Amino acid sequence: MNPLAQQLNETLQAESPNVYAMLSDLGKAIYFPKEGILSQSAEAKTKATKFNATIGIATEGGQPMHLKVIQDTLSAYNPKDIYEYAPPGGKPELRAAWRTKMIKDNPSLESKGFGTPVVTNALTHGLSIVADLFANAGDAVIIPNKNWENYELTFGIRRGAEIVEYPLYNDQTRFNSAGLREALLAQKDKGKAIVVLNFPNNPTGYTPGPQEGEEIIAAIRDGAEAGINVVVVTDDAYFGLFFEDSLQESLFSKLADLHPRVLAVKVDGATKEEYVWGFRVGFITYGSTSAPTLNALEQKTIGIIRATISSGPHPSQTFVLRALTSPEFEAQKAEKYDIMKRRANRVKSLLDSGRYGDVWGYYPFNSGYFMCLTLSGVTAESVRVHLLNQYGIGTIALGETDLRVAFSCIEEENLEELFDTIFKAVNDLIAQKV
């Protein structure tokens, strides 16, 4: 094993032995090189005052070489902030700004121990890093049965982990914390589990309330006290889009110092929060009261980034940083939030109006981009295909009964027509069966 990896592992064994035990084989082997092209280039950047012939970029006139046809569209930015390589861990100013934003959005974090966010190539990359660092073949990854299909690819197909599902809702259509606890305690013989919490939930648009949040925390604590090392990932892709009396902070705040056997990992990003999907700017942040533990985990994370994508795109990091530090940022974000909330409320008023009879129900939703109908008498796939072929409307079929509708991409004045047409399509299919 490389001496740098061994040093990081020894730090974790001394500071947080349970966290060390959570690492996958790859997680134990990975490290960020202290010697090599990047470190030598960094040293040259500060000391090479005459000529710097280290890193593989081209320069001209004392700045990164670039094409005018590109720079003309980016004239508001200094070439050094868009053309050079970003550091593997991300632009330092952006990392600091996102950490500040995390505390502002989650006030209870201020008194907790947590690291500096590492920039990822959006959230999927952050989840992939979690999988690489912590998931070995056969490890349990616990998710609700209403989930984002990419979890299967990221943890199951790529890393060979076992996907363990529990029902998202209980009989009272609240978050099924008892199901989470049961699925977690079932891993006692393995002694390890990865739990993914995604709120607002994709595909249902559900975020638990404060009491449900406490129940989730209690379930995780019970698993840890039963001797299970638990990596808890808060997939906060749609964070902030809370439209009703749900949790308003990420559960990462409560998980960060919950128990020595619990490692909290927050995966979030500008992708959905700031409406910049194509920028691919995300973050991964670890919770711990031990600074050496945080440093070791961040070094291993940056090692994974170096070994896969080398570093994230610099221009989009600069764009996001400028937005976060703009005096107009909060007002503009609030404006978009209001639009999204009105759309969600309009959908709920339509569904609760009684105009659609009993051909469907819907799962509780209070946040995010989506909601899910649960159909009666027809399959979701048949409705999806009929809507597409006959009415030119796209939806997502999930399983036999669930039809996901993204109200995020439908103007408020068009929502009535959308749901009326879905209703018509369902009745078309019901009539064909008679």
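No lab work stands behind these numbers, since they all come straight from the coordinates. Just so we're clear, the structure is a prediction, and the values are computed from it rather than from any experiment. With ideal geometry, Cβ positions are generated from the backbone for all residues, glycine too; neighbour counts draw on all protein chains shown.
Each Lys and Arg contributes +1 and each Asp and Glu -1, all at the Cβ; summed about the Cα centre of segment 330-433, the dipole is approximately 120 debye. Using Cβ point charges alone (K and R +1, D and E -1), the dipole size of segment 283-355 about the Cα centre works out to roughly 380 debye. On the beta carbon distance between R355 and L153, with R0 = 35 Å, the FRET formula returns roughly 0.35. In a fully extended conformation the segment linking L4 and E335 would gain 114.4 nm over its present Cα-Cα distance, using 0.36 nm per residue. Dipole of the chain (Lys/Arg Cβ +1, Asp/Glu Cβ -1, origin at the Cα centre): which of T120, T234, A264 lies farthest to the positive side? After comparing all options, I get T120. Placing a pseudo-label 7 Å from each Cα along the Cα-to-Cβ vector at F51 and E214 gives an inter-label distance of 6.9 nm.
Based on C-alpha pairs under 8 angstrom that are at least 6 apart in sequence, segment 330-433 has a relative contact order of 29 percent.
Can you spot the aspartates and glutamates whose alpha carbon is less than 20 Å from K272's alpha carbon? Ignore those fewer than 8 places along the same chain. Once the sequence-local aspartates and glutamates are set aside, what remains near K272 is D105, E149, D235, D236, E244, E249, E328, E330, E335, D338, E411, E412.
A cut-off of 5 Å between modelled amide H atoms, ignoring neighbours fewer than 5 places along the same chain, links Y166 with I143, N145. Taken over the alpha carbons of segment 330-433 as equal point scatterers, the Debye sum produces base-10 log I(q)/I(0) values at 0.10, 0.13, 0.21 Å⁻¹ of -0.27, -0.45, -1.10. The stretch between I396 and Y85 holds 108.2 nm of extra length on full extension. This uses 0.36 nm per residue minus the Cα-Cα distance. Of the residues F199, N52, P3, the one whose Cα sits farthest towards the positive end of the charge dipole of the chain is N52 (charges of +1 on Lys and Arg Cβ, -1 on Asp and Glu Cβ, taken about the Cα centre).
List the lysines whose Cα lies under 22 Å from the Cα of K190, skipping any in the same chain that are fewer than 8 positions away. Candidates past the 8-residue exclusion: K28. Quote the relative contact order of the chain in percent (integer), defining contacts as alpha-carbon pairs under 8 Å separated by 6+ residues. Relative contact order for the chain comes out at 18 percent. Relative to the Cα centre, the charge distribution of the chain, modelled as +1 at Lys and Arg Cβ and -1 at Asp and Glu Cβ, gives a dipole magnitude of about 1160 debye. Were the residues from A44 through K104 laid out at 0.36 nm apart, the gain over their Cα-Cα distance would be 17.9 nm. The DSSP beta bridges internal to the chain are antiparallel in roughly 55% of cases. Put +1 on the Cβ of each Lys and Arg and -1 on the Cβ of each Asp and Glu in segment 330-433; which of V383, F419, Y337 then has its Cα farthest toward the positive end of the dipole? Working it through, the farthest residue towards the positive pole turns out to be Y337.
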